[in-house]
Structures are given as C-alpha cells and as structure tokens.
Amino acid sequence: MSEYLYVGKSIPRTAEVDKVTGRAIYINDLKRPGMLYGKIKYSEYAHARIKHIDTSKAKKLPGVRAVLTGCDIPDVRVGFLKDQTVLKRDKVRQFRDEVAAVAAISPEIAQEACDLIEVEYEELPGVFDPFEAMKEDAPLIHEVDARGRPVSSNILPLPWRFSAGDIEAGRAASAHVVTDTVRTTWVNQCCMGTSGCIAEFDMNNNLTLYNQANVIFWDKRRIMEYFAQIGLKNSKVRIINPVVGGSFGTKLDTDIYEFIAIQLALKTRRPVKILFTREEEFRALPPRQPAVFEIEQGCDKEGHLTFRNVKAVLDNGAYTSWGATTPSVMMMPISSLYRVPNVFFEAKCVYTNNIYCQAMRGYGNPQATFAVEVSMDHLAEEAGIDPAELRLINCNHSGDETPMRLKITSCGLEECIRGVKEKLDWDKKRGKHKGRGVGMASLIHVAGGARVYKSDGHGMMIKVDEHGHVDVMSGGTDQGQGSPTVLAQIIAEALGFRPDDITLTFGDTALGLWDAGTHASRHTFIAGNAALRACEKVKRQILELAVEEIPKLVKHQIKRKKRKDPDFKEPDLDFSLIANPEDLDIKDRIIFCKKDPENPYFRTEVSNVLREALHVGTGQSRVVAAEAFYDPPTEMLDREFKGNLSCTYAFGTTGVEVEVDKKTGEVKILQLYAAHDVGKAINPTLIKGQIYGAGYIGVGYGLTEEMKLEKGKVMNPNFLDYKMLTAKDKIPVTPMIIETDEKDGPFGAKGIGEPGLVPTAPAIANAVYDAVGVWIKDLPITPEKVLQALKEKREKEK
Amino acid sequence: MEKITVSFILNGDEVTAEVPPSWSLLKTLREYFELTGPKEGCGVGECGACTVVIDGKAVNSCIYPVAEVEGKSVLTVEGLAGTDGTLHPLQRAFIENNGVQCGFCTSGMLMSAKALLDENPEPTEDEIRTSLAGNLCRCTGYVQIVESVQKAVKMMKEKS
Ligand code: FES
Ligand code: FES
C-alpha cells in the first residue's frame, strides 16, 4: 500500500475554528430581519376530546401577530403513516399534542399568549402500556386510519416479520435453550443545541427553511408534499442548515414544529422562528423507541447456535415516526450477529397515549443487541461454555452471507473479541462472582451506506479555481461528526492538494446534489466514495489543461530568463514526456511529470495552469469543475426483509470490568474496552472521538438514562432528573481500532458513527452478572434494580 | 417597559447596557451585545453552555441576574483569543485534540476551563473533571475535552 500524506493522520479540525471562538452560528443564534417568534400550546391531557378553544385573550395581547388553531389551517395529515395533523382539531392523544400556536414579536410574549389560550377538554380513558393497548377492550387511540377507514385495533399495520430457516428444526437440534424477557425504555437524544427552525417566505411564496435536518432532501420532499396539499403548488423549498448542535437521530423526521413555523410564516408574511426550550426538548421531541423482547435461543453440544426466535412489542406512542421502523434495523443483529442458521423475528408496534418515538444513534440496534447479547451470556452459562468462547465459536467471518442475505466483506469481529478478552485479562477475572466482574458484547451495523430508500446516493460537486482553492459542495450535512476534516483529507489525498486548500459546504438543498441523509453511519463511506469519483474527474480536467498549458508556461519562462540573461542556455526538454494527461500527476498542489518528477520546468502549481487556461482570450477560456453521484451497489430489503442493504458492515466488541457495591447496588465501571473494525481510520483522533462519545451515551443507556413517564407525562424533563453522565463520571474508555481495509470503502474506511453505542449496555449487564450473579434485563441498570435483584436472589437461595 | 442601566467590563471594554431588570446576564450578552458565543442549553443552570467568567469565577450566565454584574468584569468566549486574533492555548488545544464536535457546549467548556487554569495552572485530571462537571456534552464523552485542557496546560507551561 502506498504511503498516504493525509489519510490515516490525525489532522486537527481547523476548519471548525469558529466553534472555539464563539463565532459559529447555530439556529439558536440566527436572526432574520423582521423575524417573529413562534410558540406552541400543548395538550394538558394524554387523551381527550377538544371541546372548545378560545383564543380571544391571546389575540388581544400586544405584540401578538398571529394565533392559529387546527381550524385556521388546512386539515392535512403529515408524518410517516399520515396519522396526525399539524394542529389538532378534535382530539389529543398525548401530552405533546400541538393544539394552538402563536407568533409574536418576542418569545416571551408568544409564550404569554399561549398561556392565555383556553382549551376545554373532555378527558378520555388513556392507555399507557402496549400490552394493555393490544387488548380488545382497550381505548382506541385512532378511530380511523389515514384514509378515513375505521380501525379496530391499536396495533399498527406494519409487517415486521422475518423468517429464515426452520425454528422447529433448530430447536430439535439444540442441546441447550434459553428464554429471556428483555426491556429497554425511552431515552432522550439530549442534543445540547435545542431544536428549532426559521421559516421564511419570499413574495413568490418560495420557502427558505433554516433548520437542522440531517436528511435535507427528504425534508424538502415532505414539505413539498405538504405544500401540494395546502395549495402552494408552485412554491419552491430551500433548506439551509446553520451549524448543528448535535443530532443523534432527532433531525431525521420533519417535526411538527417545522410545519407550525411554516404556517405562522405564511400567515404573518414574516420570518418565524421556533426554538425549543430544554423542557420542550424532553416533552415534545420524539425519543428513542422503547421495546420489550421475548428472546429464545439455542445451541448444540459444541456451542453452535441452532436458532434464534424473537418477538418484540414496541410502544409506538400516539403517532408514527421513524421509531416504528426500528424493527428493520433490529433484524440485523437478530438475524446476523454471530452465525445462526434459523431465525424468526416478529415485532408489533402499538399505539398508546405515550410520547411517540423516533430515531436515535444506532436506530433499533442498541435495543435488539441488548436482547441478543444478554441471551448469549445466558446461553453460555446454560451450556457451560465461556461466553467469549461461545461468541468465537459463532463468530461472523469474511465471506459469510447471513440469513438476512447480508454479505459480509471485511470482518474484524474475531480480532475484536480476542483483543477485548486479552485486554480485560478475561480468563483470570471471569467467574469469580465476588463483586467484580467482566462482560462483553459485540455488534454488527451497516457501515457502507444503508439502502433504506430507493436511492442511497450522495452527490458531490467540486470546483477548483485559478487561486488553487477547492470548493466542495456536499449534499450531506454536518452535525459535528467531523466531516469537514475527514472529507477534506480524502479529497486532498485524491486530488494531490492540501486539506487546508479545501472548503466544504454542507446542508443546503440549493447548493448540493441529492443525498439520502447523514444517517446510518453512512457519510464517510458514501460521501467519501462520491468524493473519490468527483476528484478523479477534476484531476483529469486539470491534467488535460496542464498538457496544453505547461509547454506554454515553460516557453514563457525560458523567454523571460533569456531576456534577463542573454547568456542563458535553453534547456533540452523532451515535451513528449508530458504529452498526455497520464504522464502527469499532482502532489502537494504541484503538477509534475511522472517520468521526470524533479525536472523544474515540468513542475508547476495547479493555480498557474488554471490561471493560464482561464485568461486565454475570446471563446477559449476554461474552468475546472465536476460532480459525481455515488449510489452504492446494494439492495433494498425485499418483502421478506432480506437483501444486502449495505456495501459493508461494521463489527465491534465492547468489554467492561465492573465493580458492584452490594450495599448500594451501584455499578462502577473500572475499565471499558471498545474494539471496532473501522476498515481504515482516515483520522484516528476523530474516530476515537466517535467511539468515546458513543461509548458514553451507551453507558448512560446502560446505567442512568431514562425518561420517566407517568400516564403519558414526562416526569423528568430536565437535566437534574434526567441523568446524563458528566465529566465527573469518569468512564475509563479505551478505544481499540482494528483495521481491515474494506475494499469498497474510501481508502478502505467503514462507517463508525453509531457502532460505539450499540454493545455497551449489554456488556455492562453481562459484567454485572459476572460480578454478583444477577441479570438486570431491564434498562437502565439502576442501583434500585440491582438491590432488588440481589434481594430476590438471596431469598431464592434460602 | 422599565429598564435598568448596568455598567461593567465586558471582554476588557467598559460597557453600559440598558435592559429590562428581568433579563439574565446571558440574555443581555446575546440580545443586547449580540455576543452569541455563550449558548442557552437549558436556561435553568443545569448544562453550563452559558458559562462565562465573572471576576475570575465560572458562572452560569443564564441564571445570573443582569443587575448583579454592575461594576464586575465579564469574560466571554469572544474575549478569549488575543485582540490580534491569536487563539488562546485552550482554543488551540480543543481544535488540535478534537475537544470539539458539534461545538454547542464548547464555549461553556472553554470558559470553565479558563477559570480553572487562572486559579490553578497545573490541575490534576480530577480537578479538571470537577471543574467541568457542570458543563454537559453529548458528543465527546468528555475524554478529549479533558485531554484538551491538559494539552493547554502543557502549552502554557512551555510558553512561560
Ligand atoms: S443554559 Fe445556563 S446552565 Fe444551561
Ligand atoms: S461537542 Fe457537542 S455537546 Fe459537546
């Protein structure tokens, strides 16, 4: 392999210097001339009929410019299953339901006006547990579906059912079988930058929406669909991202507040900004999808997995967003983490009067991996096999095709398991049950795009100007993951420029070509591949110009030298050496002759050539620009949910050592090793940043974080009661980067955005079991649950 | 609307603000002075995104009544770099060591770290973690932030 100049180096994030000087402009900071502030009036009940809304007092408040209720705007359905309206007219189904909205000259006045709106409700019986909601006599959350047809059940009409092989045959071949019930709960994405947008119409009714979407082209499409329904057929939409203060899944769907801002802006003909408070962030933003799993798994005498049978129930909440599609990702670990021949998985999403759910880093993978990996340890114990050994026996390998038809290309899972095992001193530490214990869990995740839409493409445009500046328009978005640096490294390497020469623009539907979104850990892989292809074209153009211009430049140079020094002896140059673009290359912005790299006459800055090509005279002038659209050679899942939806897959193993205080139930993490097959680390420091960050959220998922809901109401909508880890909670995370050089990845790279989070919680659960002999299969693993389990264990042993 | 007049030193300059008495210092900085470096992550003193340094102490400016700043000296992230644009070692270290991801917590982190280093130029890791405990970050897991502060300490030591 050749020596890279920039790929593989920990280049600092110099492009983002605005973030350390306070100059980066987030949605929170952005103002538009004449801008108004929007606020939302939410429901006071989890389930109720709206009898009457009185907005008269709110309208009279000085400074108020518009008050809207469901009756003031078109009754149009939005959302993934078109099961809600922007402002609710007849019924509320959750506490976050939007019943009215105000635009005013300040956020304070807008809020005051909201408080002055009087809503009369008739409370309806609610249902807050998906199992209750499935019962025949349960109150119906929705009486009719999107088309107005009556519905008879709270179970969503989604077909999450996966089957491969033969479960019965698997069971029959098993020497050991275990069954577990595993629960995961709501957690909040906790982006430090709160949600918000500014909607602004021009006089032609074209909309510019400043928002934080990470799927800007889908966002545009949803808004265009909405426009078509509300009569704005000729309006155009432009989405612009300001600097984004974290995303973690929250920016995948077009949220209701965006439609509200649009309606308020239409009504007032002024730009309208809606910015969430932290409390709204907890109460009115869709959190991670909770799930309950029944998992049954077996193995033969030698420990080979024989089958995996999983049934899941998901509390969908009152409406449907991406949370309801998390089973499509749950299928991945359930069918394909470790080799398992016979698999069945079925998931039911059920409407309740709880908050509805969305995506969060890892999508459904952390939930399902928790189930699979806790069950793996249980099975290991049942079979009397070391849990690490059981994982190695069933380890995925390069060349496998899984029951979901995922084609495993590069695979570093074995190395990850072995690496973590060694670092933890596994054999010595495991099985003591004396308050300290070790545990591990692994993961599989898409790492080469994810064809969840028909296009998984990414468009990139690159231009190089006569100053040697490289401007890159990516159709993707940047939410802090480091793409401005990583893509600059890839482009610099491929073009022969320096990272500093390259300026990336993200997040603007008017400037970028289509991109499926910065989700599914796909950006480095897909945008990187698009970049390589665009660079190839751009480089070709530069070298074609160089073939024409270098001889001219050389002649000028010689002429100049002769003028200065009449004795100057003209060098004997063989121009046939640079007669074709293939004869030339670029390194460090310098074009040179491959066969005679040191020849100073054949070496020139790219900018010289481009200047020469531009300033040539009538009709001759040329510039350098190219685009590339990369859509990976992957498959959509078919009707059976099978297909190779990603070019490659990420693997990893987290191993932890914990200490459990039997008196307090507290779990302390003594060591955490996170081994990840990253393909190739384009920027090791930035990759570690992803692993640390995801690992911390994973520990929070495992130990502390939970949105507490009581009859649909979020009871801990603040950072005092919702326990995010702080700098004081030191978790000794050690990233272990395993490189497998993925053949389809840009310079060998795979995606790494989400994986670090996925196996953390089950690794902790398994370590807690190893330490004190109790399995907490219900996240988070709080001290109360540990104490309770220890008590039950003692009583059982009596 | 009733307003009060408050005079104080802001990033080295003597300034006067005329704002409603109910305003917090954060609101005054962001709205009156248009310094949007300090962020509002919660508005109730629980996240540290709004941290500024007042007379040497790191303070959550979102819950700091503006009247109380009278006569005091306030440093925000905008005042951290030199007047000639030279970055403070903390800023450099955060960039070089990936102490920044989305950047929303960053100005608060920097100001908490600045207050710490002014008082204690060679803090231990524990001291750094304690002084950053009120600054939440969702992106980094704090590791590279703590390392950035340590790196800044080293840079400052080498310089002096
Ligand atoms: S905004 Fe001040 S502490 Fe959160
Ligand atoms: S860098 Fe995003 S919250 Fe800290």
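Things worth noting here:
- Net charge of Cβ neighbours under 12 Å - reference A:T402; Lys, Arg +1; Asp, Glu -1: +3
- Derived scalar couplings between HN and Hα for region A:46-61 equal 7, 7, 6, 8, 8, 8, 6, 10, 10, 10, 4, 5, 4, 5, 7, 5 Hz in order, rounded to whole Hz, by the Karplus curve 6.51 cos²θ - 1.76 cosθ + 1.60 (θ = phi - 60°), x for Gly and Pro.
- Quarter of Cα convex hull surface for region A:186-240, i.e. mean projection, nm²: 4.8
- Inter-chain shielding of B:101-114 (mean C-beta neighbours from other protein chains, 10 Å cut-off): 6
- Interface A-B: total buried accessible area of about 3800 Å², 1.4 Å probe, protein heavy atoms only.
- If R0 equals 22 Å, the separation of the Cβ atoms of A:T664 and A:R794 corresponds to a calculated FRET efficiency of about 0.90.
- Cα gyration tensor, region B:13-160 - rounded (a/c under 1.5), prolate or oblate: prolate
- Computed on chain A, with alpha-carbon pairs under 8 angstrom and 6+ residues apart, the relative contact order is 16 percent.
- Cross-link pairs beyond the 24 Å C-alpha cut-off, checked among A:K91/A:K236; A:K220/B:K27; A:K9/B:K39; A:K41/A:K91: A:K91/A:K236; A:K220/B:K27; A:K9/B:K39
- Per residue value of the accessible surface for chain A (all protein chains in place, 1.4 Å probe), Å²: 38
- Solvent-accessible area of A:M707 with every protein chain in place, 1.4 Å probe, in Å² to the nearest 10: 0
- The P(r) of region A:617-700 has a tail past 19 Å containing 67 percent of all C-alpha pairs.
- Of A:H378, A:H523, A:H304, the residue with the largest accessible area leads and the full order is A:H304, A:H378, A:H523 (1.4 Å probe).
- Long-range amide H partners of A:A100 with built H, under 5 Å: A:K41
- Between the helical axis of A:760-772 and the longest alpha-carbon principal axis of chain A there is an angle of about 50 degrees.
- Between A:T648 and A:A447, A:G448, the built amide H atoms are under 5 Å apart, and every one of these is 5 or more places off in sequence or on another chain.
- For region A:154-272, the relative contact order comes to 30 percent (Cα pairs under 8 Å, sequence separation of at least 6).
- As a ratio to 2.2 N^0.38 Å, the alpha-carbon radius of gyration computed for region B:4-79 takes the value 0.95.
- Taking chymotrypsin sites (Phe, Trp or Tyr not before Pro) across region A:636-718, none is in a DSSP loop with at most 12 further Cβ atoms lying within 10 angstrom of its Cβ.
- Here's how it looks for A:Q481: its modeled amide H is under 5 Å from none belonging to a residue 5 or more places away or on a different chain.
- Taken one residue at a time, the phi angles of region A:711-726 give Karplus couplings (6.51, -1.76, 1.60, θ = phi - 60°) of 6, x, 9, 6, 8, 10, x, 7, 6, 6, 9, 9, 8, 7, 5, 10 Hz. Gly and Pro are set to x.
- Counting only other chain Cβ atoms within 10 Å of each residue's Cβ, the peptide B:28-41 averages 4.
- Taking the average, over residues, of other Cβ atoms within 10 Å as the packing measure, peptides A:176-183, A:141-148 rank A:176-183, A:141-148 from highest down.
- When peptides A:58-71, A:535-548, B:129-142 are ranked by their average number of other Cβ atoms within 10 Å per residue, the highest-first order is B:129-142, A:535-548, A:58-71.
- Near A:S336, once Lys and Arg are set to +1 and Asp and Glu to -1 for all other residues with Cβ below 11 Å from its Cβ, the sum equals +3.
- Descending Cα extents along the principal axes, region A:231-287, whole Å: 34, 20, 19
- The charge dipole of chain A, taken about the Cα centre with unit charges on the Cβ atoms of Lys, Arg (+1) and Asp, Glu (-1), comes to about 1500 debye, rounded to the nearest 20.
- Against the empirical 2.2 N^0.38 Å (N residues), region A:457-630 has a Cα radius of gyration ratio of 1.18.
- Largest-first ordering by accessible area, 1.4 Å probe, given options A:F568, B:F104: A:F568, B:F104
- Accessible area in the full protein assembly, largest first, 1.4 Å probe, for A:W514, A:W426: A:W514, A:W426
- Degrees between helix A:256-268 axis and first principal axis of chain A (Cα, 0 to 90, nearest 10): 70
- Within chain A, all pairs of alpha-carbon atoms sorted by distance into 20 Å bins from zero give the percentages 15, 44, 30, 9, 1, 0.
- Shown in residue order for region A:747-758 are the 3J(HN,Hα) couplings computed by the Karplus curve 6.51 cos²θ - 1.76 cosθ + 1.60 at θ = phi - 60°: 6, x, 7, 10, x, 9, x, 9, x, x, 7, 4 Hz (x for Gly and Pro).
- Cα gyration tensor shape of region A:25-158, rounded if a/c is under 1.5, else prolate or oblate by comparing a/b with b/c: prolate
- At R0 = 22 Å, FRET efficiency that the Cβ-Cβ distance of B:T5 and B:D55 yields, to 0.05: 0.65
- Rg to Rh, two decimals, where region B:89-159 supplies the alpha carbon set and Rh follows Kirkwood: 0.92
- Applying 0.36 nm per residue to the separation of A:H397 and A:E605 and subtracting their alpha-carbon distance, the gain on full extension is 70.2 nm.
- Average partner coverage of B:142-149, which counts Cβ from other chains inside 10 Å: 5
- Between helix A:365-383 and chain A: long-axis angle, C-alpha atoms, 0 to 90°, nearest 10: 60
- The helix-based estimate of mean residue ellipticity at 222 nm for the protein assembly as shown, built from -39,500 (n - 2.57) per DSSP H run of four or more residues and divided by its residue count, is -8500 deg cm²/dmol to the nearest 500.
- Region B:89-159, relative contact order [Cα under 8 Å, separation at least 6], %: 52
- Per-peptide packing, taken as the mean over residues of other Cβ atoms within 10 Å, places A:461-472, A:652-663 in the sequence A:652-663, A:461-472 from highest down.
- Of the trypsin sites (Lys or Arg not before Pro) found in region A:275-347, the ones in coil according to DSSP and having at most 13 other Cβ atoms within 10 Å of their Cβ are A:K301.
The values are calculated or read from the model by the stated rules, or taken from the named source; none is laboratory data. In this text the structure is predicted, and so the values were computed from the model without any measurement. As a convention, Cβ positions derive from the backbone with ideal geometry for all residues, glycine included, and neighbour counts pool all protein chains shown. To get the accessible areas, we keep the full protein, side chains included, count just its heavy atoms, and leave off ligands, DNA and RNA. Shrake-Rupley method; radii C 1.70, N 1.55, O 1.52, S 1.80 Å.
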